[in-house]
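Trainee: Let me begin by handing over the structure; questions about it come next.
The values are calculated or read from the model by the stated rules, or taken from the named source; none is laboratory data. Just so it is clear, the structure is predicted and the values come from calculations on it, not from any experiment. Cβ placement follows ideal geometry from the backbone for every residue including glycine, while neighbour counts extend to all protein chains displayed. Ligands, DNA and RNA are excluded from the accessible area calculation, which covers all protein heavy atoms including side chains. Shrake-Rupley method; radii C 1.70, N 1.55, O 1.52, S 1.80 Å.
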Amino acid sequence: MKSLLLSFVVVFHVFLAAPALADAQERHTLVVLGDSLSAAYGMAEREGWVALLERRLADEDQPWRVVNASISGDTTRGGLTRLPRVLERHNPALVIIELGGNDGLRGVHPNIMIDEMRENLAELVRLSREAGAEVLLLGMHLPSNYGNHFTERFHAVYHEVAREHGVPLVPFFLEGVAEDRALMQPDGIHPTAEAQARMLENVWEALKPMLERRVAGS
């Protein structure tokens with residue numbers, strides 16, 4: 001009888017611990033490394049697309065934790081400085097890189113800026129992969145007043161990095177948003193809170209299969 005009672009206690013404790021153990025084993029971390037577009041500039045953080053992503057994953061009971069490592073005004077150089085610490089601290093299974101817009105707005109000579117941006121994005125991808133994370137790259141366009149030649153070269157960098165390093169790319173993160181003035185804040189650069197759901201949808205199409213693949217392979 002005593003042996004039977006002991007066995008019951010052991011089984012009961014294992015049963016209680018099972019959810020916590022499963023959560024620790026199956027829960028993955030997704031890091032968003034971005035600038036003001038991902039840092040919910042001009043609105044409450046809960047209104048930003050990253051917060052909407054976190055809620056969607058929770059509502060769908062998906063085993064993902066979202067870390068928003070985005071800072072307004074950040075560049076690819078700044079992201080490269082911060083990424084090693086982010087990787088060490090959070091050990092993400094997936095990294096979304098949303099950087100480059102501020103590189104193009106700094107007023108640096110186009111040739112220098114584009115070369116540096118390409119190198120930085122490639123290094124961001126390399127470091128993330130070395131840490132065991134998959135990478136999703138979010139592409140950007142510059143305002144048309146910067147001139148067609150420059151803006152086309154700028155946008156091409158994302159395609160070049162994605163192709164050379166074999167990472168998925170969202171060609172234009174602000175597709176359907178930047179063209180609609182009603183969805184942009186008065187500065188013409190930052191989307192409104194109303195635009196955040198569309199931004200999430202732009203990311204979701206490429207992100208969803210990556211999430212599913214990672215969970216299936218875990």
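Trainee: Determine if region 191-213 includes at least one residue that is under 23 Å from Leu57 (Cβ atoms) and modelled with pLDDT under 95.
Mentor: Yes; the residues of region 191-213 include at least one that is under 23 Å from Leu57 (Cβ atoms) and modelled with pLDDT under 95.
Listed here are the residues, each with its yes/no results for (1) part of a loop (DSSP other than H, G, I, E, B); (2) open to solvent by 40 Å² or more (accessible area, probe 1.4 Å).
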| position | (1), (2) |
| --- | --- |
| Leu37 | yes, no |
| Gly42 | yes, yes |
| Ala51 | no, no |
| Val67 | no, no |
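Trainee: Residues to consider are Gly73, Gly42; find the one that is at positive phi and touching a helix residue (DSSP H, G or I) at 6+ places or on another chain (Cβ under 7 Å).
Mentor: When all the criteria are applied, what remains is Gly73.
Trainee: Oh, and also: Mind listing whichever residues of region 53-65 are open to solvent by less than 40 Å² (accessible area, probe 1.4 Å) and closer than 16 Å to Glu201 by Cα?
Mentor: Leu53, Leu57, listed by residue number.
Trainee: Collect the residues in region 156-167 that are open to solvent by 30 Å² or more (accessible area, probe 1.4 Å) and either over 19 Å from Pro209 (Cβ atoms) or of a type in the set (D, E, K, R) (or both), keeping them in residue-number order.
Mentor: Ala156, His159, Glu160, Arg163, Glu164
Trainee: Shifting gears a bit: Filter region 94-132 down to the residues that are open to solvent by less than 10 Å² (accessible area, probe 1.4 Å) and either among the charged types (D, E, K, R) or at pLDDT below 95 (or both), then identify the one that is nearest to Asp35 (Cα to Cα).
Mentor: Glu98
Trainee: Moving to a separate point now. All but one of (1) of a type in the set (Ser, Thr, Tyr); (2) in contact (Cβ under 8 Å) with a residue 40 or more places away in the chain; (3) farther than 15 Å from Leu33 by Cβ hold for Tyr158, so report the exception by its number.
Mentor: It is condition (3) that Tyr158 fails.
Trainee: For region 187-218, give me the residue count where each residue is in contact with a Gly (Cβ under 9 Å, 6 or more places away or on another chain) and open to solvent by 70 Å² or more (accessible area, probe 1.4 Å).
Mentor: The qualifying residues number 4.
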